[in-house]
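> There's a structure below that I have some questions on.
Nothing in this text is a laboratory measurement; each read-out follows from the coordinates by a stated rule. Predicted, not measured: the structure shown is a model, and the values here were computed from it. Cβ placement follows ideal geometry from the backbone for every residue including glycine, while neighbour counts extend to all protein chains displayed.
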Amino acid sequence: MAYSITLIPGDGTGPELVAATRRVLEATGIALAWDVQEAGADVMDRYGTPLPEAVLSSIRATKVALKGPITTPIGTGFRSVNVGLRLALDLYANLRPARAMEGIPVYHPNVDLVVVRENTECLYAGIEHDVIPNVAAESIRIITRHATERIARFAFDYARTNGRRLVTAVHKANILKATDGLFLRVAQEVAAEYPDIAFNDRIVDNMAMQLVQRPEEYDILLCPNLFGDILSDLCSGLVGGLGVAPGANIGRDMAVFEPVHGSAPKYAGQNKVNPTATILSGVLMLHHLGEPAAAQRVEMAVRKVLRERRSVTHDLKPTRDDQSAVGTQEMADAIIAAMA
Ligand code: NAD
């Protein structure tokens with residue numbers, strides 16, 4: 001029986017990245033029945049919303065989606081489809097692994113971090129308004145015991161299942177005493193239930209510096225929504241950039257897999273961007289489906305192509321205009337060839 005998967009190409013560079021990833025995943029031989037669903041600015045005219053109900057119904061039925069990035073207008077316009085999707089389906093855990101891979105030059109070759117980002121509240125609740133238009137505006141940051149408890153349990157359970165040693169809670173509880181004070185207290189309470197996993201905490205600004213200087217000392221970073229978003233881009237920078245950073249949004253019985261990066265609109269339609277982040281999100285999806293052998297095959301093939309440094313996109317070459325860089329689809333072809 002084929003696995004039914006909702007496939008959201010997204011916009012910007014999303015469709016080309018998702019097409020490349022689809023070919024790689026199909027080359028594993030696992031039967032995948034795709035339910036293609038459109039979302040984003042391009043469907044506004046047709047559906048009156050960038051997140052049509054059909055997208056949500058499809059994911060509620062299949063329980064699993066692979067998604068390309070979707071553009072969000074900056075400073076104006078509709079709310080983020082990406083955030084909307086996570087909230088509508090209560091995909092409360094955002095999992096973002098960042099591991100250095102041979103072939104990608106980095107400052108710290110032993111980096112192996114996982115950002116566990118709370119995905120439903122904090123400033124992303126989107127409760128904000130003008131107090132006086134153009135003069136003052138305010139935003140409400142929500143942290144609850146319920147959401148903190150479940151994301152902390154997710155981080156510790158993930159640590160146990162995946163042989164991890166340490167969870168670090170990231171916060172700004174020295175300044176945000178009510179919100180991050182609660183986040184830290186609840187994280188400490190949950191940590192006490194997992195004596196086999198070490199626990200510590202860091203104030204977010206110090207955490208950013210520590211990650212640049214001594215990332216090997218850290219393992220799982222348990223973060224409220226905004227800090228997790230920012231630090232996961234930092235972590236992707238440590239291991240080669242946004243082009244190689246996969247992600248997953250996980251709820252109680254549904255999961256949406258997508259790269260950490262956005263739609264990189266300036267490269268749209270140019271067959272230029274790196275498909276690795278989306279392909280590795282597909283690897284996370286194969287694990288989630290209970291297909292570890294296929295997941296391993298794809299990951300090994302990605303690693304081989306990266307190690308050889310021949311068939312890789314411009315972001316992994318020494319200079320941006322390196323003539324030896326290959327395109328998105330050609331890198332996917334090389335990964336498929338390496339699987340064989
Ligand atoms: P971005 O991640 O799209 O791109 C930032 C830079 O990272 C790019 O200019 C490029 O240099 C590099 N980059 C990103 N993906 C790459 C890839 N696959 N290969 C090589 N290089 C890559 O971030 P942005 O420019 O801040 O945001 C663009 C749009 O994406 C915005 O509308 C934003 O809201 C949206 N966004 C969407 C998601 C999502 O869909 N989950 C996530 C983040 C941002």
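> Kindly state, to the nearest 0.05, the FRET efficiency for Arg310 paired with Ala54, given R0 = 51 Å and r defined as their beta-carbon distance.
0.75
> Restrict the search to the stretch 236-340; then list the trypsin sites (Lys or Arg not before Pro) that DSSP places in a loop and that have at most 15 other Cβ atoms within 10 Å of their Cβ.
Hits after loop and neighbour filter: Arg252, Arg309, Arg310, Arg320.
> Now for a different question. For a test of the definition: using alpha carbon positions, the gyration tensor, and the 1.5 limit on a/c, classify the stretch 222-340 as rounded, prolate or oblate.
In terms of gyration-tensor shape, oblate.
> Among Pro105, Ser139, Val64, flag the residue with its Cα farthest along the positive direction of the charge dipole of the chain, charges on Cβ as +1 for Lys/Arg and -1 for Asp/Glu.
Pro105
> Which value, in debye to the nearest 20, describes the size of the charge dipole of the stretch 105-235 about its Cα centre when Lys and Arg Cβ atoms bear +1, Asp and Glu Cβ atoms bear -1, and nothing else is charged?
240
> Now for a different question. Give me the extension gain from Ser4 to Tyr107: residue separation times 0.36 nm, minus the current Cα-Cα distance, reported in nm with one decimal.
Stretched out fully, the Ser4 to Tyr107 stretch lengthens by 33.0 nm.
> To make sure I understand, if each residue's beta carbon is the centre and we count other beta carbons within 10 Å, what order do Asp130, Asp229, Asp322 fall in, fewest to most?
The fewest-first ordering by Cβ neighbours comes to Asp130, Asp322, Asp229.
> Could you tell me what % of all Cα pairs in the chain have separations over 28 Å?
So the pairs more than 28 Å apart make up 42 percent of the total in the chain.
> Now, a different point. Counting only residues 5 or more places away or on other chains, whose amide H sits under 5 Å from the amide H of Thr71 once H atoms are built in the peptide plane?
Asp11, Ala41
> Considering the dipole of the stretch 37-175 built from charges on the beta carbon (Lys and Arg +1, Asp and Glu -1) around the Cα centre, which of Ala125, Gly77, Ala173 is farthest to its positive end?
Ala173
> Quick one: grab the alpha carbon gyration tensor of the stretch 179-224, order the square roots of its eigenvalues as a ≥ b ≥ c, and give me rounded if a/c is under 1.5, else prolate or oblate depending on whether a/b is larger than b/c.
oblate
> Could I ask something else about it? Of the beta bridges DSSP finds with both residues in the chain, what % are antiparallel, to the nearest 5?
Looking only at bridges with both residues in the chain, the antiparallel portion is about 45 percent.
> Once a ≥ b ≥ c are taken as the square roots of the eigenvalues of the Cα gyration tensor of the stretch 291-340, is the result rounded (a/c under 1.5), prolate (a/b larger than b/c) or oblate (a/b not larger than b/c)?
Prolate shape, in that a/c is at least 1.5 and a/b is the bigger ratio.
> Oh, and also: Which value, in debye to the nearest 20, gives the size of the charge dipole of the chain about its Cα centre, when Lys and Arg are +1 and Asp and Glu are -1 at the Cβ?
460
> Compute the distance from the alpha-carbon center of the stretch 227-281 to that of the stretch 13-33, in whole Å.
16
> Kindly provide the chymotrypsin sites (Phe, Trp or Tyr not before Pro) of the stretch 5-81 that DSSP labels as loop, not H, G, I, E or B, and whose Cβ sees at most 14 other Cβ atoms within 10 Å.
Phe78
> Right, another one. Starting with the fewest neighbours, write out Cys235, Cys223 ranked by other beta-carbon atoms found within 10 Å of each beta-carbon.
If I rank by nearby Cβ atoms, fewest first, I get Cys235, Cys223.
> Could I ask something else about it? Determine the relative contact order of the stretch 198-335: mean sequence separation of Cα pairs under 8 Å and six or more apart, normalised by residue count, in whole percent.
Over the stretch 198-335, the number comes to 18 percent.
> Give the residue from Ser281, Asn94, Leu7 lying farthest towards the positive end of the charge dipole for the chain; charges sit on Cβ (+1 for Lys and Arg, -1 for Asp and Glu) and the dipole is referred to the Cα centre.
Ser281
> Hey, got the dipole for the stretch 8-102? About the Cα centre, +1 on K and R Cβ, -1 on D and E Cβ, debye to the nearest 20?
For the stretch 8-102, the charge dipole is close to 320 debye.
> Once fully extended, how much extra length lies between Arg165 and His287, figured as 0.36 nm per residue of separation less the alpha-carbon to alpha-carbon distance?
Residue separation times 0.36 nm, minus the Cα-Cα distance, leaves 41.8 nm.
> Same structure, new question: Would you tally the net charge around Arg297, using a Cβ to Cβ cut-off of less than 15 Å, leaving Arg297 out, and scoring K and R as +1, D and E as -1?
Net local charge, Arg297 excluded: 0.
> Kindly provide the pair-distance distribution of the stretch 38-95 built from C-alpha pairs, with 10 Å bins from 0 and whole-percent values in order of increasing distance.
For the stretch 38-95, the binned pair fractions read 21, 57, 21, 1 percent.
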